[in-house]
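*Asks:* Have a look at the structure that comes next, please.
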Amino acid sequence: MAITQAMCTSFKKELLEGTHNFKNSGGSTFKLALFTSSATLGAATTAYATTNEASGTNYTAGGLALTRVDPSSSGTTALTDFADLTFSTASVTANGALIYNSSASDKAVIVLAFGGDKTSTAGDFTIQFPAADASNAIIRIA
């Protein structure tokens, strides 16, 4: 089993169908859930499921809602991003995460692979997103 960083293939198709709305005002609700090294997540992931989801103090199944950064463009690249997310005072171990659209039947968006287990013991477990620009934003279409 493995977690492989990828933009989910189903998400790419759903973009063309208008399933996901990243606008701050009136947009969809996106969440980030943490997963253990026993999870199998990657480009073929289509939806959030609790199988092999992380568990621990101050971590709730389904994860937390993300704060969106309004979509924009730079040159020929369209992009959007999220504000950093913190699971406060958490005791949890995770090997990766899934960003999913809880407003649209928990459809998968992106799988994040941490490159190994990351642990927080009664401390903050923070997901730090890259800069919201054409070269680094978590979601870029060039």
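*Asks:* Are any residues in segment 35-66 hydrophobic (A, V, I, L, M, F, W, C) and either under 12 Å from the mean Cα position of the chain (by Cα) or buried (at least 18 other Cβ atoms within 10 Å of the Cβ) (or both), and if so, which ones?
*Replies:* Across segment 35-66, the qualifying residues are PHE35, ALA39, LEU41, ALA47, ALA54, LEU64, ALA65, LEU66.
*Asks:* Here's something else I'd like to know. Which of (1) surrounded by 16 or more Cβ atoms within 10 Å (Cβ to Cβ); (2) farther than 23 Å from ALA137 by Cβ; (3) aliphatic (A, V, I, L, M) does VAL69 not meet, given it meets every other one?
*Replies:* Of (1) surrounded by 16 or more Cβ atoms within 10 Å (Cβ to Cβ); (2) farther than 23 Å from ALA137 by Cβ; (3) aliphatic (A, V, I, L, M), only one is false for VAL69: (2).
*Asks:* Okay, next question. Just to verify a result, which residue in segment 8-29, among those that are over 22 Å from ALA61 (Cα atoms), touching a strand residue (DSSP E or B) at 6+ places or on another chain (Cβ under 7 Å) and open to solvent by 40 Å² or more (accessible area, probe 1.4 Å), is modelled with the lowest pLDDT?
*Replies:* Filtering first and then ranking leaves ASN24.
*Asks:* Let me ask something else about it. Identify the single condition in (1) under 15 Å from the mean Cα position of the chain (by Cα); (2) open to solvent by 20 Å² or more (accessible area, probe 1.4 Å); (3) among the polar types (S, T, N, Q) that ASN101 does not satisfy, given that it satisfies every other one.
*Replies:* Tallying (1) under 15 Å from the mean Cα position of the chain (by Cα); (2) open to solvent by 20 Å² or more (accessible area, probe 1.4 Å); (3) among the polar types (S, T, N, Q), ASN101 fails exactly one: (2).
*Asks:* Here is a follow-up. Can you go through LEU85, LEU32 and tell me which one is farther than 22 Å from SER10 by Cα and open to solvent by less than 20 Å² (accessible area, probe 1.4 Å)?
*Replies:* So the residue among LEU85, LEU32 that is farther than 22 Å from SER10 by Cα and open to solvent by less than 20 Å² (accessible area, probe 1.4 Å) is LEU85.
The values are calculated or read from the model by the stated rules, or taken from the named source; none is laboratory data. In this text the structure is predicted, and so the values were computed from the model without any measurement. Quick reminder, even Gly has a Cβ in these numbers, built from the backbone with ideal geometry, and neighbours come from all protein chains shown. Side chains included, ligands, DNA and RNA excluded: accessible areas come from the protein's heavy atoms. Shrake-Rupley method; radii C 1.70, N 1.55, O 1.52, S 1.80 Å.
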